[in-house]
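Encoded as structure tokens, the structure appears first; notes follow it.
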Amino acid sequence: MGKILITGACGQLGSELTEKLRSIYGKEEVVATDIQDPPESISDGPFEYLDVMKKDAIAKVIDEHDIKEVYHLAALLSAKAEQNIELGWKLNMDGLLHVLNLAKEKSLDKIFWPSSIAVFGPDAPSKDTGQNVALNPTTVYGISKMAGEQWCSYFHENFGVDVRSLRYPGLIGYKSLPGGGTTDYAVDIHYKALKNEPFSCFLDKDNALPMMYMEDAIDATIQLMQADESDIEIRTSYNLSAISFTPEEIAEAIKKHMPGFEISYDPDYRKKIADSWPDSIDDSPAREQWGWNHEYDLNKMVGDMLANIPKANP
Ligand code: AKB
């Protein structure tokens, strides 16, 4: 088997996925790439600087490292893309199309590409949003994810590219910080609590959003990529769900550990983005077709975050 390439490996998801894939397949088998300097946890294995908007540069890494599988994670998240719409579109679309075309041209084995709950717009049912409801996203990020899903399906249908995808909810982990997302508050809140500082939230207290603990997100990703090709019936992207909570609810869960914790609300432009997304997701196709099951609920996640952030940041 050839090696695995990860783009956007220094990001919140990328850094955890790099570690996990290296622990499964061996350090030398997983080539991490990014445009930023790698943290130590990534630079202790193969690393290349790579701008995914340059197709030739991606092709060179694929050839030089005998790559057969790509986890293409490099992207601008929702809040950042809203502030730089041209870059949001260019990075998110060009990067994906380059990877899909290279998968076709070089007969790569498998591609993973993350979609998001951002594909849904305000007209989708807000509770238990199903797999096949209308997608009318109102953010640049959401539009890029919706178009990307259709490209994945197109390359699978027409060129046999084995591309697999998940619509991630907001991801919460203690090993690295997210950057530029609307769901980032749910990570930052733990850091403030541990510093005994009050937290000012950029969403309203009742802005419910679908969320997931990073351990679950990594398990889902590996499970999807290891599933038999015949079990993968959806080639756009699978709904994926674990928990759903409001800022007020996560603050209450933190207060169980830190009774003095204080939260206040100062909604900004990100509230409009959150308002356009579902409150919760129905992911039954993922559960039925390849056995997905989450492990962490809100309280278990908060307890784990509060226990592990100090260990990860000594
Ligand atoms: C974001 O907030 O932009 C991301 C996402 C939900 O895709 N975390």
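The values are calculated or read from the model by the stated rules, or taken from the named source; none is laboratory data. Computed from a predicted model, the values in this text were never measured in an experiment. Reconstructed Cβ throughout: ideal geometry from the backbone, glycine too, with neighbour counts over all protein chains shown. In case anyone asks, the SASA skips ligands and DNA or RNA and just uses the protein heavy atoms, side chains included. Shrake-Rupley method; radii C 1.70, N 1.55, O 1.52, S 1.80 Å.
Rank Lys60, Lys27, Lys195 by mean-square fluctuation in a GNM of the chain with C-alpha springs under 10 angstrom and give only the top-ranked residue.
Residue with maximal mean-square fluctuation among Lys60, Lys27, Lys195: Lys195.
When the Cα centres of segment 290-309 and segment 1-77 are compared, how far apart do they sit, in Å?
26 Å
Given Cα pairs under 8 Å that are at least 6 residues apart, what percent is the relative contact order of the chain?
18 percent
Considering only protein heavy atoms and a 1.4 Å probe, what is the carbon-and-sulfur percentage of the accessible area of segment 64-146?
50 percent
Excluding ligands, DNA and RNA, what is the solvent-accessible area per residue of segment 1-138 at a probe of 1.4 Å, expressed in Å²?
In whole numbers, segment 1-138 has 44 Å² accessible per residue.
Between Lys55, Lys256, Lys271, where does the largest GNM mean-square fluctuation fall for the chain, given springs only between Cα atoms within less than 10 Å?
For the chain, modelled as a Gaussian network with Cα springs under 10 Å, the answer is Lys256.
Might you tell me the accessible area per residue for segment 197-265, computed with a 1.4 Å probe and given in Å²?
Heavy-atom SASA per residue in segment 197-265 reads 40 Å².
If you rank Met258, Met1, Met214 by how much accessible surface each has, with a 1.4 Å probe, what is the order from largest down?
Met1, Met258, Met214
If you take the square roots of the eigenvalues of the alpha-carbon gyration tensor of segment 242-287 and sort them as a ≥ b ≥ c, do you get rounded (a/c under 1.5), prolate (a/b over b/c) or oblate?
Oblate, since a/c reaches 1.5 and b/c is not below a/b.
Which of rounded, prolate, oblate describes segment 1-131, given a ≥ b ≥ c as roots of the alpha-carbon gyration tensor eigenvalues and a/c under 1.5 marking rounded, otherwise prolate only if a/b is larger than b/c?
Verdict is prolate for segment 1-131.
For segment 177-314, with the dipole built from +1 on Lys and Arg beta-carbon atoms and -1 on Asp and Glu ones, taken about the Cα centre, which of Ala217, Phe261, Ala251 lies farthest toward the positive end?
Phe261
Give me the percent relative contact order of segment 24-170, please, defined on Cα pairs under 8 angstrom at least 6 residues apart.
The value is 22 percent.
Below 8 Å between Cα atoms, with a sequence gap of 6+, how large is the relative contact order for segment 193-314 in percent?
Computed over segment 193-314, the figure is 43 percent.
Using a 10 angstrom Cβ neighbour count of at most 11 plus a DSSP loop assignment to flag exposed GluC sites (Glu not before Pro), which longest range of the chain is free of such sites?
Value returned for the longest uninterrupted segment is 1-232.
Pop out the carbon and sulfur fraction of the accessible area of segment 157-314 as a percent, whole number, probe 1.4 Å.
43 percent
The chain: D in µm²/s via Stokes-Einstein (Kirkwood Rh, Cα pairs, 37 °C, 0.692 mPa s)?
167 µm²/s
Accessible surface of Tyr25 in the full protein assembly, 1.4 angstrom probe, to the nearest 10 Å²?
Approximately 80 Å² of Tyr25 is accessible to the 1.4 Å probe.
Nearest-5 percent of antiparallel DSSP beta bridges in the chain? Show your work: numbers first, answer last.
Details: 3 of 32 bridges.
Close to 10 percent.
Note down the magnitude of the dipole of segment 231-292 about its Cα centre, charges +1 on Lys and Arg C-beta and -1 on Asp and Glu C-beta and zero elsewhere, to the nearest 20 debye.
That gives a dipole near 160 debye.
Using helices alone, what [θ] at 222 nm do you get for the chain, with -39,500 (n - 2.57) per DSSP H run of 4 or more residues, divided over all residues and rounded to the nearest 500?
Values: 12 runs with 138 residues, N = 314.
Helix-only estimate at 222 nm: -13500 deg cm²/dmol.
Classify segment 27-75: rounded, prolate or oblate, from the alpha-carbon gyration tensor (a ≥ b ≥ c, eigenvalue square roots; a/c under 1.5 rounded; otherwise prolate if a/b is larger than b/c)?
oblate
How many angstrom lie between the C-alpha centres of segment 121-173 and segment 203-272?
16 Å
Quick one: length gained pulling Asp297 to Met1 fully straight, 0.36 nm per residue minus the C-alpha distance?
102.9 nm
Can you give the translational diffusion coefficient of segment 223-314 in µm²/s, computed by Stokes-Einstein from the Kirkwood radius over Cα pairs at 4 °C and 1.567 mPa s?
Values: Rh = 16.3 Å.
The estimated diffusion coefficient comes to 79 µm²/s.
Pop a pseudo-label 7 angstrom from the Cα along the beta-carbon direction at both Glu105 and Lys195 and give the gap in nm to one decimal.
4.6 nm
Which of Gly179, Leu194, Pro122 sits farthest toward the positive end of the charge dipole of segment 95-196, with +1 on the Cβ of Lys and Arg and -1 on the Cβ of Asp and Glu?
It is Leu194.
Under a 10 Å cutoff between Cα atoms, tell me which one of Val302, Val163, Val61 has the largest fluctuation in the Gaussian network model of the chain.
Fluctuation is largest for Val61.
What number does segment 126-204 give for Rg over Rh if you use C-alpha atoms and the Kirkwood radius?
My calculation of the ratio gives 1.09.
Taking a spot 7 Å from the Cα of Gln223 along the direction of its beta carbon, which residues of segment 281-306 have an amide N less than 15 Å from it?
The answer is 282-297, whose backbone nitrogens lie closer than 15 Å to the label point.
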